[in-house]
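A.B. asks: I have a structure I would like to understand better, so I am pasting it below and will then ask my questions one at a time.
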Amino acid sequence: MKFLKALLKFILIIVLLAAMAVGISFAIVAYQTSREHIAYQEEINHYAKEYNVDPLLVASIVKVESDFDTNAQSNQAAKGLMQLLDDSARHAAELIGEKYLPEKLNEVSYNLNLGVAYYDYLYRYYNNIDLALAAYNGGIGNVDEWIKKGIIDKNDPNVNNIPIDETRQYVTKVTANYEVMKTFYKDGLPSKKELSNRKELAINNYKKFARKILQDIL
């Protein structure tokens, strides 16, 4: 009898712990969903398709660069959604045969066109997402120098070896956000309608999260 009571008590504790785990994990997913500002989906999808870049990655870059604020400007005078510096934007315009108009860098379409084109150029140059992101933030010259000096392995780069703190943190943030995006929105960026109901979106995202956990376990 004592054994049965102990077993039932043990089972009850396990159930309670499982319920707590579900509750806490849902709270985390709901919080992440509520703070995940996403906008300009149509424009992001358009230019991502044009340059054959994953729109979820583009959205992740925009999230980290400007949090979807078209008027964002850094201390280095980088502008717009993808925080383009003058030299990078000018280079991107040349690459795609677009007239360079600095006064339009805060416009959604113009900024995304140049920004995604520039990222695509960097990716094709390095054939690696991490290196392309590092160059997007820290410059091609720096990344090439790190590769030349053996600080970074071009074929198997370790983000932790990036010597500039800001660039290392930048790559880490974008890739972490990208992983979240791929978990929640692997079928595409959420629509404006989906984003208008955060509670329902959080529930759907949690279902996706739970399925991924189960797939990883099994």
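A.B. asks: Beyond 24 Å, how much of the Cα-Cα pair distribution for region 30-145 remains, as a whole percent?
C.D. replies: Numbers: 1276 of 6670 pairs.
Beyond 24 Å sits 19 percent of the P(r) for region 30-145.
A.B. asks: Below 14 angstrom from the Cβ of VAL159, what's the summed charge of the other residues (Lys, Arg +1; Asp, Glu -1)?
C.D. replies: -3
A.B. asks: Let me see the pair-distance distribution of region 92-175: every alpha carbon pair, 10 Å bin width, integer percents in order.
C.D. replies: Each 10 Å bin holds this share of Cα pairs: 18, 45, 27, 10.
A.B. asks: Follow-up question, since we're still on this one. Tell me, rounded to the nearest percent, the portion of alpha carbon pairs in region 56-100 spaced more than 11 Å apart.
C.D. replies: Percent of Cα pairs beyond 11 Å in region 56-100: 64.
The numbers here are math on the coordinates, done by the rules we state, and not lab data. Here the structure is a predicted model, which means the values were calculated and not measured. In this analysis, Cβ positions are derived from the backbone assuming ideal geometry, glycine residues included, and neighbour counts consider all displayed protein chains.
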